[in-house]
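S.K.: Okay, handing you the structure first.
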Amino acid sequence: MPEAVDWFAAADDTALNDDQLGWRVRIALRTGSWSEVRTAVERMTPRGRSEPTWIYWQALALKALGNTEDANGLFALIAGDANYYGRLASEELGLALQLPPKAPAPTSEELEQAASVPGLQRALALFALGMRIEGVREWNWALRGMDDRQLLAAAELAFDNEIWDRAIFTADRTFSLHDFSLRYPAPHREIFSEQARARSLDVSWVLGLVRQESRFIAAARSSAGAAGLMQLMPSTARWVARKLGLKNFSPAKVTSIDLNATMGTYYLRRVLDDLDGQPVLAAAAYNAGPGRARAWLDANPMEGAIYVESIPFGETRDYVKKVMTNALYYTAVLGGSKLSLKERLGLVGRRSTLALSDTP
């Protein structure tokens with residue numbers, strides 16, 4: 001709410017914690033008050049100011065206020081990180097995305113050693129029995145103390161056994177040696193590529209969304225009831241089935257890889273069309289619903305990064321950041337459009353320009 005700027009000003013003498021100051025930054029971003037952004041970050045604790053989120057926005061505020069030298073110094077603190085703020089900071093410094101050199105593949109001896117780790121053996125046995133929760137616990141516990149070479153061998157072991165989520169999780173833990181093809185695998189790539197082409201969707205964006213939704217586990221089910229690779233809720237699945245004219249559909253079928261990809265990409269295309277073709281809004285809508293994605297817009301256009309930062313649901317805010325960053329890295333791994341993250345985030349329009357639809 002724009003009034004929040006005045007409310008924060010009225011409470012200016014009140015001691016605010018880092019979370020409250022974070023919201024002060026967010027409303028300042030939405031109203032274009034860069035001096036207020038700078039001041040709010042400066043009032044945070046040293047720990048708060050050291051978070052990549054606030055390093056990035058403090059730097060951008062300094063840049064907007066004409067202090068380019070100090071801004072670039074802050075951008076440089078996080079520019080090497082392979083995440084949302086690291087990429088945004090790198091782009092502010094004019095640094096193109098370059099994947100780190102791919103580490104040499106694990107040797108047969110290293111793979112044998114990984115396969116002989118008792119905890120990983122137990123985890124694979126549990127996965128084979130369909131006991132995913134227990135398998136994940138065993139796997140994660142077994143990774144303790146592993147160095148980068150051991151982690152890459154364990155990630156390869158998971159990949160070879162089609163335990164995609166553990167391959168991603170394990171490859172993400174390396175510090176100096178990396179293999180981004182394990183961090184960003186593309187199981188069922190042919191299916192998703194075909195559906196993306198049929199719906200005129202960017203396949204890297206679709207894969208980035210699937211990576212965030214299910215880590216490519218076809219049998220994944222959320223506590224809320226969402227199921228399959230693209231985590232469709234039963235009500236959404238029934239709505240899509242009606243739109244597609246599917247006969248004899250039941251939500252139990254939604255974990256089928258082909259059907260889930262067909263239905264999920266159809267729904268994603270509908271959401272994207274309803275939200276003026278803006279991927280940032282569509283990603284927010286996929287997680288929290290189109291009505292909320294519209295409600296979070298403003299009377300004026302704003303940068304996509306500012307829209308994302310001011311999403312009031314922490315889960316959705318984190319989700320959109322990861323989906324959009326995933327899309328960037330999938331493009332780097334698989335090839336495709338060379339859009340920067342900032343270009344992908346784009347400019348989001350005004351709330352009043354978006355028509356309501358029946359998309360759930």
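The values are calculated or read from the model by the stated rules, or taken from the named source; none is laboratory data. Nothing here was measured: the structure is a model prediction, and the numbers come from that model. Neighbour counts are summed over all protein chains in view; Cβ atoms, including those assigned to glycine, are modelled from backbone coordinates with ideal geometry.
S.K.: So Trp164 fits all but one of (1) buried (at least 20 other Cβ atoms within 10 Å of the Cβ); (2) under 25 Å from Asp19 (Cα atoms); (3) of a type outside the set (A, V, I, L, M); what number is the exception?
M.R.: (2)
S.K.: On to the next question. Which numbered condition trips up Arg183, out of (1) modelled with pLDDT of 95 or more; (2) in the same structural domain as Thr325 (by TED's automatic domain parsing)?
M.R.: Exception for Arg183: condition (2).
S.K.: Which residue pairs have Cβ atoms closer than 7 Å, lie 6 or more positions apart in sequence or on different chains, and pair a first residue in segment 319-348 that is within 9 Å of Ser204 (Cβ to Cβ) with a second residue that is surrounded by fewer than 24 Cβ atoms within 10 Å (Cβ to Cβ) and among the acidic types (Asp, Glu)?
M.R.: Cβ pairs passing all conditions: Ala327/Asp202; Ser337/Asp202.
S.K.: Output the qualifying pairs, or none if there are none: Cβ atoms under 6 angstrom, residues six or more apart or on different chains, first residue in segment 122-139 and touching a residue at least 40 places away in the same chain (Cβ under 8 Å), second residue of a type in the set (Asp, Glu) and in a helix (DSSP H, G or I).
M.R.: From residues that are touching a residue at least 40 places away in the same chain (Cβ under 8 Å), the pairs are Ala123/Glu138.
S.K.: Does Ala103 qualify as being in contact with an Asp or Glu (Cβ under 6 Å, 6 or more places away or on another chain), surrounded by 13 or more Cβ atoms within 10 Å (Cβ to Cβ) and more than 30 Å from Ala59 (Cα to Cα)?
M.R.: When the stated conditions are applied, Ala103 passes them.
S.K.: Another question, if that's okay. Right, Ile78: among the aliphatic types (A, V, I, L, M), touching a helix residue (DSSP H, G or I) at 6+ places or on another chain (Cβ under 7 Å) and over 30 Å from Tyr184 (Cα atoms) or not? Break it down stepwise before answering.
M.R.: On the way: among the aliphatic types (A, V, I, L, M): yes; touching a helix residue (DSSP H, G or I) at 6+ places or on another chain (Cβ under 7 Å): yes; over 30 Å from Tyr184 (Cα atoms): no.
Spelling it out, it is not the case that Ile78 is among the aliphatic types (A, V, I, L, M), touching a helix residue (DSSP H, G or I) at 6+ places or on another chain (Cβ under 7 Å) and over 30 Å from Tyr184 (Cα atoms).
S.K.: Let me ask something else about it. If you scan segment 284-331, which residues turn out to be polar (S, T, N, Q) and more than 19 Å from Leu209 (Cβ to Cβ)? Steps first, answer last, please.
M.R.: Step one: of segment 284-331, the residues polar (S, T, N, Q) are 287, 300, 310, 316, 325-326, 331.
Hits for segment 284-331 are Asn300, Ser310.
S.K.: Could you list, in sequence order, all residues of segment 293-324 that are outside any loop (DSSP other than H, G, I, E, B) and among the hydroxyl-bearing types (Ser, Thr, Tyr)?
M.R.: Result: Tyr307, Thr316, Tyr319.
S.K.: Could you please give the count of residues in segment 122-142 that are under 24 Å from the mean Cα position of the chain (by Cα) and assigned to a loop (DSSP other than H, G, I, E, B)?
M.R.: From segment 122-142, those under 24 Å from the mean Cα position of the chain (by Cα) are 132-133, 136-137, 139-140; that's our starting set.
Next, only the ones that are assigned to a loop (DSSP other than H, G, I, E, B) stay: none.
Looking only at that region, the number is 0.
S.K.: Looking only at segment 72-105, count how many residues are in a loop (DSSP other than H, G, I, E, B) and either among the small types (Gly, Ala, Ser) or over 12 Å from Leu341 (Cβ atoms) (or both).
M.R.: Counting residues in segment 72-105 that are in a loop (DSSP other than H, G, I, E, B) and either among the small types (Gly, Ala, Ser) or over 12 Å from Leu341 (Cβ atoms) (or both) gives 14.
S.K.: For segment 168-179, check the following and say yes or no: at least one residue is touching a Phe, Trp or Tyr at 6+ places or on another chain (Cβ under 9 Å), part of a helix (DSSP H, G or I) and buried (at least 22 other Cβ atoms within 10 Å of the Cβ).
M.R.: Among the residues of segment 168-179, at least one is touching a Phe, Trp or Tyr at 6+ places or on another chain (Cβ under 9 Å), part of a helix (DSSP H, G or I) and buried (at least 22 other Cβ atoms within 10 Å of the Cβ), which makes the answer yes.
S.K.: So which of Glu69, Glu36 ends up being loosely packed, with under 15 Cβ neighbours inside 10 Å and part of a helix (DSSP H, G or I)?
M.R.: Being loosely packed, with under 15 Cβ neighbours inside 10 Å and part of a helix (DSSP H, G or I) holds for just one of Glu69, Glu36, which is Glu69.
S.K.: Is it true that Val254 is without any contact (Cβ under 8 Å) to a residue 40 or more places away in the chain and buried (at least 17 other Cβ atoms within 10 Å of the Cβ)?
M.R.: Values: without any contact (Cβ under 8 Å) to a residue 40 or more places away in the chain: yes; buried (at least 17 other Cβ atoms within 10 Å of the Cβ): yes.
Considered against the rule, which asks whether it is without any contact (Cβ under 8 Å) to a residue 40 or more places away in the chain and buried (at least 17 other Cβ atoms within 10 Å of the Cβ), Val254 comes out as yes.
S.K.: Among the residues of segment 304-342, how many are over 13 Å from Leu97 (Cα atoms), among the aromatic types (Phe, Trp, Tyr) and surrounded by 21 or more Cβ atoms within 10 Å (Cβ to Cβ)?
M.R.: 2
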